[in-house]
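Below: the structure, in structure tokens.
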Amino acid sequence: MSHVVHYGSSVFEGIRCYTQPQGSAVFRLPEHMQRLLDSAKIYRMEVPYSLEELCAAVVDLIEANGISSSYVRPIVLRGYGEIGVSPKGSPIEVYIANFPWGKYIAGTGGADVCISSWNRLAPNTMPALAKAGANYMNSQLIHMEAEINGYQEGIGLDVNGLVSEGSGENIFIVRNGVLYTPPLANSTLSGITRDSVLTIARHMGLTVSEQALPRELLYIADEVFFSGTAAEVSPIRSIDRIVIADGKPGEITKKIADEFFGIANGLKPDRFGWLTPVKLKSAEPVIA
Ligand SMILES: Cc1ncc(COP(=O)(O)O)c(C=O)c1O
């Protein structure tokens, strides 16, 4: 009978903790927790913890559970109170779980994806910048349709037919050496991995452009890839059965992925300060 079950009133995060030669580290923890607080603010949910407390709780959880490589899922929700749509009488509850989670988009050769017949959330309907549980009803429609039709993932267009993002990933294209991604105004989530990719690309000296992208630019791109905490940096091989370039992960995609995984896995210097180290107390997960 919790408010969240009936009305989708939750905001959440997805964070990865990576095993590294020198221990384990959480990737961009404060940025994720700040986005959680931002999502909550949009929905007028008062989170009873500070940014610092939320970050410390994630570190404590990972250390206690002892899973060196895991996916962390913090969620803020409206619990059991009153059954009406007004959330006033329902308490805010905060939970954090972590568990092992491997590759979200299988394979290394690139994903076969489609453009969904479902559009992304229109502006001023469901706020796309809030990572709210309810938004993922739209993601489910996009993802289920893709899967049923034999694709690994679906890309949503915004309400005007411009490229937005995957059901759970931001999207990038490379054309003539320039890296493009849709801006936040095209109903995209402000992805932390998106920001990491943009940062890495700028430091590589690439020209980067956040601009509206027509659908057909995807088909004629030199390279296309997804970014996301779950998907990490995942090349796309084909869209609507149209093969992207020669169907192999492109050079710029590979370079960006190499830098991203190098930092996340602790094999390259953490030159942007993205890692929060954790000390595991036990080698095995604690059984509940
Ligand atoms: C709809 C959507 N877009 C983009 C992303 C990528 O965001 P991030 O890189 O912060 O995980 C996600 C995943 O959280 C998502 O669910």
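Listed by chain and number, the lysines whose alpha-carbon sits under 26 Å from that of Lys88, ignoring those within fewer than 8 places in the same chain, are Lys41, Lys131. Label zone of Trp101 (point 7 Å out along Cα→Cβ, amide N under 19 Å): in the stretch 217-255 this covers 226-235.
From the Cα gyration tensor of the stretch 38-160, with a ≥ b ≥ c the square roots of its eigenvalues, which class applies: rounded if a/c is under 1.5, or else prolate if a/b is larger than b/c, or else oblate? It comes out oblate by the Cα gyration axes.
Would you mind working out the accessible area per residue for the chain, using a 1.4 Å probe, and quoting it in Å²? Show your work: numbers first, answer last.
Working: 13290 Å² over 288 residues.
Per residue, the chain has an accessible area of 46 Å².
With R₀ set to 22 Å, the beta-carbon distance separating Val5 from Ala122 gives a calculated FRET efficiency near 0.30. Summarising the label geometry, the points placed 7 Å from Cα in the beta-carbon direction at Asp240 and Lys268 lie 3.4 nm from one another.
As a check on your grasp of the helix formula, calculate [θ] at 222 nm for the chain: sum -39500 (n - 2.57) over DSSP H runs of n ≥ 4, divide by the residue count, round to the nearest 500. Mind showing how you got there, number by number?
On the way: 7 runs with 79 residues, N = 288.
Helix contribution divided over all residues of the chain: -8500 deg cm²/dmol.
Rounded to the nearest whole Hz, the Karplus-based 3J(HN,Hα) values (6.51 cos²θ - 1.76 cosθ + 1.60, θ = phi - 60°) of the stretch 176-187 follow the sequence 6, x, 9, 9, 10, 8, x, x, 5, 6, 8, 6, with x at glycine and proline. A straight chain from Asn160 to Glu53 at 0.36 nm per residue would run longer than the Cα-Cα distance by 34.5 nm. Please give the Cα centre distance for the stretch 102-121 versus the stretch 1-75, rounded to the nearest Å. Each part's Cα centre sits 24 Å from the other's. The portion of the accessible surface of the chain made up by carbon and sulfur, rounded to a whole percent, is 56 (1.4 Å probe; DNA, RNA and ligands excluded). The charge dipole of the chain, taken about its Cα centre with unit charges on the Cβ atoms of Lys, Arg (+1), Asp and Glu (-1) only, comes to about 180 debye.
Dipole magnitude for the stretch 55-201: computed about the Cα centre from +1 point charges on Lys and Arg Cβ and -1 point charges on Asp and Glu Cβ, it is near 200 debye.
Only Cα pairs under 8 Å and 6+ residues apart enter the sum, and on that basis the relative contact order of the chain stands at 24 percent.
Put Thr276, Thr19 in order of accessible area, largest first, 1.4 Å probe: what do you get?
Thr19, Thr276
Given their separation in residues at 0.36 nm each and the Cα-Cα distance between them, Lys279 and Leu217 gain 17.8 nm when the chain is fully extended. Partners of Lys268 within straight-line reach, counting lysines whose Cα lies under 28 Å from its Cα and excluding those fewer than 8 residues away in the same chain: Lys103, Lys248, Lys254, Lys255, Lys279, Lys281. Taking 0.36 nm per residue of separation and subtracting the current Cα-Cα distance, fully stretching the chain between Met137 and Glu63 would add 23.4 nm. By its C-alpha gyration tensor, with a ≥ b ≥ c as the square roots of the eigenvalues, how is the stretch 93-223 shaped: rounded for a/c under 1.5, else prolate for a/b larger than b/c, else oblate? It is rounded, given that a/c, with a ≥ b ≥ c, falls under 1.5.
Looking at the stretch 77-194, send over the antiparallel percent of its DSSP beta bridges, to the nearest 5. So the antiparallel bridges in the stretch 77-194 amount to around 65 percent. Note on Asp270: accessible area is roughly 60 Å² with a 1.4 Å probe, heavy atoms of protein only. Would you mind classifying the chain by shape? Square roots of the alpha carbon gyration tensor eigenvalues, ordered a ≥ b ≥ c; an a/c under 1.5 is rounded, otherwise it is prolate if a/b is larger than b/c and oblate if not. It is oblate, given that a/c is not under 1.5 and a/b is not larger than b/c.
The values are calculated or read from the model by the stated rules, or taken from the named source; none is laboratory data. Predicted model, so just to flag it, every value in this text is computed and none were measured. Cβ: placed from backbone, ideal geometry, glycine included. Neighbour counts: every protein chain shown. To get the accessible areas, we keep the full protein, side chains included, count just its heavy atoms, and leave off ligands, DNA and RNA. Shrake-Rupley method; radii C 1.70, N 1.55, O 1.52, S 1.80 Å.
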